[in-house]
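A quick write-up on the structure given underneath.
The values are calculated or read from the model by the stated rules, or taken from the named source; none is laboratory data. Every value quoted in this text rests on a predicted model; they were computed, and no experiment measured them. Here the Cβ positions follow ideal geometry from the backbone for every residue, glycine too, while neighbour counts run over all protein chains shown. Heavy atoms of the whole protein, side chains included, go into the accessibility calculation; ligands, DNA and RNA do not. Shrake-Rupley method; radii C 1.70, N 1.55, O 1.52, S 1.80 Å.
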Amino acid sequence: MRELRADVVVIGGGLGGVAAALGALRAGRSVLLTEEYEWLGGQLTSQAVPPDEHSWVEQFGVTASYRALRDGIREYYRRHYPLTERARRIPDLNPGAGHVSRLCHEPRVAVAVIEAMLAPYRGSGLLRVLMGFVPVAAETDGDRVTAVTVRGPGEELMLSGPYILDATETGELLPLTGTEYVTGFESQAETGEPNAPDVADPGNMQAFSVCFAIDHVDGDHTIDRPAAYDFWRDYQPPFWGARMLSWQTPNPRTLATSTRSFTPNPDDDPWLVQADQRVNPGDGNLWTFRRIAARRTFTDGSYPSDICLVNWPMIDYFEAPIIDVPDAAHHVQRARELSYSVLYWLQTEAPRPDGGTGWPGLRLRGDVTGSADGLAQAPYIRESRRIRAEYTIVEQDLSLAVRGDKGAVSHPDSIGVGMYRIDLHPSTGGDTYIDVGSCPFEIPLGALIPRRVENLLPAGKNIGTTHITNGSHRLHPVEWNVGEVAGILADFCLARAVTPRAVRNTPALLADFRQRLTADGVELRWPDISGY
């Protein structure tokens with residue numbers, strides 16, 4: 001087995017992994033970065049989910065490098081896409097005019113920008129990216145991880161270095177390295193959280209989804225009837241209030257049954273879209289909710305149709321978890337069947353406003369998601385394994401109902417900021433939505449420090465949150481912030497010959513590290529604003 005070595009080994013090339021690599025590379029460290037799928041970028045690219053962000057993202061509340069990613073996406077459109085003159089002049093361009101985010105865009109554009117951000121380090125030889133590789137084993141020596149074995153196209157490699165960062169979507173390195181971790185729902189006795197159950201349920205995890213992109217054009221583009229279609233067409237969760245394949249879904253905030261609308265290619269004005277979840281969650285019309293290309297943003301004839309990204313309630317798969325179970329691949333395949341069934345229902349049986357059924361002109365756009373089968377390359381994972389951390393972020397740290405005008409808990413070891421409602425989708429234990437207003441929060445360094453292992457750092461959704469607070473920390477800018485700080489922390493520890501634990505627990509080191517983060521463009525505090 002060949003062995004490759006670097007200062008920092010990053011396993012997983014999602015948003016956290018890319019940000020971690022950049023954090024270390026900017027300091028001159030050598031980095032090995034692995035990725036399972038064809039695209040770097042995780043939930044933004046291979047999972048095809050446009051960014052879920054807070055209401056102040058255009059002004060503050062993200063790291064400088066995350067802002068550079070967003071700016072780069074807009075500049076890519078200006079340089080390479082046939083935008084209208086009006087669109088080209090808009091500073092805060094939203095190419096899809098989607099309601100979920102101020103920057104809804106095609107995933108391939110984010111891939112291009114991420115590759116450009118990494119390109120200088122590839123050229124210099126500091127960065128080596130291993131595509132198509134997944135971790136399969138690890139070696140440890142006491143409380144340190146010494147190597148990780150990854151399997152890829154035709155070979156296995158042993159990767160080693162003084163710091164190992166787990167940026168996988170599901171915390172794959174935690175069981176491989178023996179790092180203590182938790183899954184699913186903790187009990188109220190353990191966390192004190194108002195919405196926690198009396199009894200812990202490690203197998204109760206948020207739904208995952210297999211997203212896909214569609215447009216609406218002339219012709220009949222109906223796919224073959226999925227083998228599992230009859231099951232999913234009749235499927236009705238007890239808390240749903242209707243069949244899943246319908247326009248009726250629970251309202252996440254009230255749990256009352258709501259009726260969604262669906263209008264392919266509405267004649268709406270993209271400049272009037274108000275993508276602000278303080279005002280409106282934006283999910284009333286499912287076509288415009290996560291639209292990633294609005295045809296009126298581009299010159300006449302460039303786009304025959306809008307492109308809509310389907311990440312809707314009815315594609316959530318909560319039949320069973322896919323973490324720490326022997327049949328994960330089976331359930332991922334069932335989730336793909338669910339997504340195909342939703343598309344087939346849309347094309348053939350979905351009620352139309354004019355009294356008819358189905359839109360056969362809906363066309364699956366696998367070219368947009370970069371996949372041969374038409375769906376996203378990877379499932380959209382909402383909940384990971386989570387380290388047993390020195391500090392665990394709990395609901396009462398940031399819940400608007402608990403904290404009120406006091407704001408979220410202020411952490412002396414803050415290493416970033418985030419904001420999103422505690423937004424939990426239905427889960428594998430049979431729970432419906434849990435949706436709790438949040439205060440703008442700080443991310444404590446203690447949530448990145450495993451209780452025992454010294455040189456393994458989480459770099460994504462696997463930090464020390466609970467099942468509940470994962471719901472507000474799983475989104476794009478927070479994952480990027482966590483990953484970037486993990487990469488910077490690895491460099492800081494190498495330069496000072498100290499451990500991450502020592503950095504957190506030594507006031508002088510912590511002060512120096514936080515000063516370093518500020519210099520690198522990481523915001524550590526919020527201005528005086530209120531949550532939602």
Region 241-355: translational diffusion in µm²/s, Stokes-Einstein, Kirkwood Rh over Cα pairs, 20 °C, 1.002 mPa s: 132
Binning every alpha carbon pair distance of the chain at 20 Å from zero, what are the percents per bin? 23, 58, 19, 0
Looking at region 168-239, which GluC sites (Glu not before Pro) are in a loop (DSSP not H, G, I, E or B) and have at most 14 other Cβ atoms within 10 Å? 180
May I ask you to order 391-400, 241-250 by the average number of other C-beta atoms within 10 Å around their residues, highest value first? 391-400, 241-250
Tell me whether region 347-408 comes out rounded, prolate or oblate; compute the Cα gyration tensor, take square roots of the eigenvalues as a ≥ b ≥ c, and use a/c under 1.5 as the rounded threshold. oblate
Between residue 449 and residues 5 or more places away or on another chain, which pairs have amide H atoms under 5 Å apart, with H built 1.01 Å from N, and which residues are they? 390, 391
When DSSP beta bridges are limited to those with both residues in the chain, what percentage is antiparallel, rounded to the nearest 5? 65
Stretchable slack from residue 267 to residue 280, in nm (0.36 nm times residue separation minus alpha-carbon distance): 2.7 nm
Using a 1.4 Å probe on heavy atoms of the protein chains only, the accessible area for residue 143 in Å², nearest 10, reads 70
Cα gyration tensor, region 446-527 - rounded (a/c under 1.5), prolate or oblate: oblate
Lys/Arg Cβ at +1, Asp/Glu Cβ at -1, dipole of region 362-441 taken about the Cα centre: which of 366, 400, 430 is farthest positive-ward? 366
Would you work out the Kirkwood radius for region 12-98? I mean one over the mean of 1/r across all pairs of different Cα atoms, in Å. 14.7
With x for Gly and Pro, the residue-by-residue ³J(HN,Hα) of region 294-303, computed from phi through the Karplus equation 6.51 cos²θ - 1.76 cosθ + 1.60 at θ = phi - 60° and given in whole Hz, is 9, 4, 6, 6, 10, 4, 3, x, 5, 10
Cα extents of region 306-382 along the principal axes, largest first, in whole Å, come to 47, 26, 18
In percent, what relative contact order does region 117-237 have, based on Cα pairs under 8 Å that are 6 or more apart in sequence? 12
Please list the non-local residues whose amide H lies under 5 Å from the amide H of residue 181, H modeled 1.01 Å from N, same-chain partners needing a gap of 5 or more. 388
Phi-derived 3J(HN,Hα) across region 218-226 with the Karplus relation (6.51, -1.76, 1.60, θ = phi - 60°), rounded Hz, x for Gly and Pro, is 5, x, 10, 10, 4, 7, 4, 4, x
Student exercise, region 355-506 dipole from Lys, Arg, Asp, Glu Cβ charges, in Debye to nearest 20: 280
Express in Å², to the nearest 10, the accessible area of residue 506 obtained by rolling a 1.4 Å probe over the protein heavy atoms while all chains stay in place. 50
So what's the angle, to the nearest 10 degrees on a 0 to 90 scale, between helix 107-124 and the longest Cα principal axis of the chain? 30
So if I take the centroid of the Cα atoms in region 63-101 and the same for region 500-515, what is the distance between those two points in Å? 37
Heavy-atom accessible area per residue - the chain, 1.4 Å, Å²: 35
On Cα atoms only, tilt of 15-25 relative to the major axis of the chain in degrees: 40
Rounded if a/c is under 1.5, else prolate if a/b is larger than b/c, else oblate: which is region 230-271, with a ≥ b ≥ c the root eigenvalues of its Cα gyration tensor? oblate
Just want to confirm a number: the relative contact order over the chain, from Cα pairs under 8 angstrom separated by 6+ residues, in percent. 22
Please compute the length gained on full extension between residue 1 and residue 511, using 0.36 nm multiplied by the number of residues separating them and subtracting their Cα-Cα distance. 179.4 nm
Express the relative contact order of region 395-479 as a whole percentage, based on alpha carbon pairs under 8 Å and six or more residues apart in sequence. 31
What fraction, in whole percent, of alpha-carbon pairs in region 258-308 exceed 13 Å separation? 60
Could you go through region 166-183 in sequence order and give the Karplus-derived ³J(HN,Hα) for each residue, using 6.51 cos²θ - 1.76 cosθ + 1.60 with θ = phi - 60°, rounded to whole Hz, and x for Gly and Pro? 9, 10, 5, 5, 10, x, 5, 6, 5, x, 5, 9, x, 6, 5, 8, 10, 10
For residue 147, what residues show an amide H to amide H distance below 5 Å, using hydrogens built from the backbone and excluding near sequence neighbours? 139
Taking Cα atoms, how many degrees apart are the long axis of helix 476-496 and the longest axis of the chain, rounded to 10 and kept between 0 and 90? 20
Order by protection proxy (mean Cβ within 10 Å, highest first), peptides 372-381, 19-28, 471-480, 68-77: 471-480, 19-28, 372-381, 68-77
Using per-residue counts of other Cβ atoms within 10 Å, averaged over each peptide, order 411-418, 95-102, 359-366, 80-87 from highest down. 95-102, 411-418, 359-366, 80-87
